[in-house]
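The block underneath contains the structure these notes are about, expressed in structure tokens.
The values are calculated or read from the model by the stated rules, or taken from the named source; none is laboratory data. Just so we're clear, the structure is a prediction, and the values are computed from it rather than from any experiment. For neighbour counting, all protein chains shown are included, and Cβ atoms are generated from backbone atoms with ideal geometry for every residue, glycine included. We work out accessible area using only protein heavy atoms, side chains counted, and drop any ligands, DNA or RNA first. Shrake-Rupley method; radii C 1.70, N 1.55, O 1.52, S 1.80 Å.
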Amino acid sequence: MSDYRFFDRLRADAAAERRAIVAGLLASPSTIAPKHFYDSVGCALFGAICELPEYYPTRTERAIFAGHREEIVDSIGPGRQFVDLGAGDCCKAQVWLPFLAPKRYIAIDIAGDALTRALARMAPEFPQLEVTGIVADLTRALDLRGDLGDAPTLFFYPGSSIGNFTPDEARRFLTDIHLHCIVSIGSGLLIGVDTKKDPRRLTAAYDDALGVTAAFNRNVLRNVNRIVDANFDATAFAHIALYDQAHGRIEMHLESRVPQTVRIDGTSRVFAAGERIHTEYSYKYTPAEFTTLLQDAGFASVRCWQDRARDFAVYWAT
Ligand code: AVJ
């Protein structure tokens, strides 16, 4: 079977999504949710970010996975349903497939075009694997029970994507995953999470010398123009990345360089010079903090692996 099934669970919500974007833009402070970064240009820029010297998470996680492969594989066990949360180009998951021999691969992402391309490339390489793609928004209630039945499932959530949620939202999301896990013995969550560290290294990772992250941040305005019919000039906003030590989070904003009026879906909004649009949180957790979060979500057993410098952490929670 070099074929795959594909479901778009996003299209139904398009009108509600447009209203949510407009409401966020008109609010004070103005906000755009980070899920809107990932149009095709945004996906490509995120791929470039992952290659940057300053952006340590991707390569550090890869090294932890590679360095503890056997132990992690032994913990998970073979023949699971592999649910890839935020699959992107599916490359991170693909590395695991020969070791884990899952019986199904279910890739979920908000970027439908990227997911289609990834599965069309990948499915023929694994002819024995049953492959499913689901276009969905993970910030909305997660209900995969109809897709998964009662077979043991590995939920894979790498890359510290959990950091885009506030801790309360993250607890709720992890609780949802745990509820999917209790259906069947052998289910669990393999998740990668960035750690707290020197603020200078954290800010450098989100404000790189080449300006790739700045382009990634500004590109959200081009995407928003397309979705809600607005006329943002991406060059009229400056990229801001700062570390809020009290909250343990990177914040990204777009700061209006000049006073300007932007047309948004039939209305307009004035941005003062220096006024910011909030675009992303990226929360960082110590292993103790994240273990507690997993336990609060219902996971009774938590294992953790780290690199030597403790720049990143990988957890297996059941
Ligand atoms: C994909 C959410 C994990 O927070 O580090 C990278 C996104 N933003 N550079 C992160 C991102 C700016 C990334 N996540």
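Values for this structure:
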item	result
Two-decimal ratio, segment 187-318, of alpha-carbon radius of gyration to 2.2 N^0.38 Å	1.33
Among Gly186, Gly211, Gly146, residue whose mean-square fluctuation peaks in a GNM of the chain (springs only between Cα atoms under 10 Å)	Gly146
Pair Arg172, Arg310: separation of 7 Å Cα→Cβ label points (nm)	3.2
Relative contact order for the chain, counting Cα pairs under 8 Å that sit 6 or more residues apart, in percent	22
Rough spin-label spacing in nm, given labels placed 7 Å along Cα→Cβ, for Val183 and Glu70	3.4
Value at 222 nm in deg cm²/dmol, rounded to 500, when DSSP H runs of n ≥ 4 in the chain each add -39,500 (n - 2.57)	-11000 deg cm²/dmol
Per residue, the convex hull volume that the Cα atoms of segment 241-294 enclose (Å³)	98
For segment 110-140 versus segment 262-297, the gap between their alpha-carbon centres in whole angstrom	27
For the chain, accessible area per residue (1.4 Å probe, heavy atoms of protein chains only), Å²	44
Local net charge near Gly79, Cβ-Cβ under 10 Å (Lys/Arg +1, Asp/Glu -1)	+3
Rounded Å value of the spacing that divides the Cα centres of segment 206-240 and segment 90-107	33
Segment Ser28-Asp137, extension gain: residue separation times 0.36 nm, minus the distance between their alpha carbons	36.8 nm
Beta bridges by DSSP in the chain, antiparallel share as percent, to the nearest 5	55
Simple label model, 7 Å out from Cα along Cβ direction - Asp113 to Thr286, nm	4.4
Rounded to whole Hz, the Karplus (6.51, -1.76, 1.60) HN-Hα couplings of segment 292-298, x for glycine and proline	4, 4, 5, 5, 4, 7, x
Extension gain from Asn231 to Phe99, taking 0.36 nm per residue of separation minus the Cα-Cα distance	42.7 nm
Fraction of accessible area attributable to carbon and sulfur, segment 141-210 (%, probe 1.4 Å)	53
Computed Rg/Rh of segment 1-151, alpha carbon atoms with Kirkwood Rh	1.00
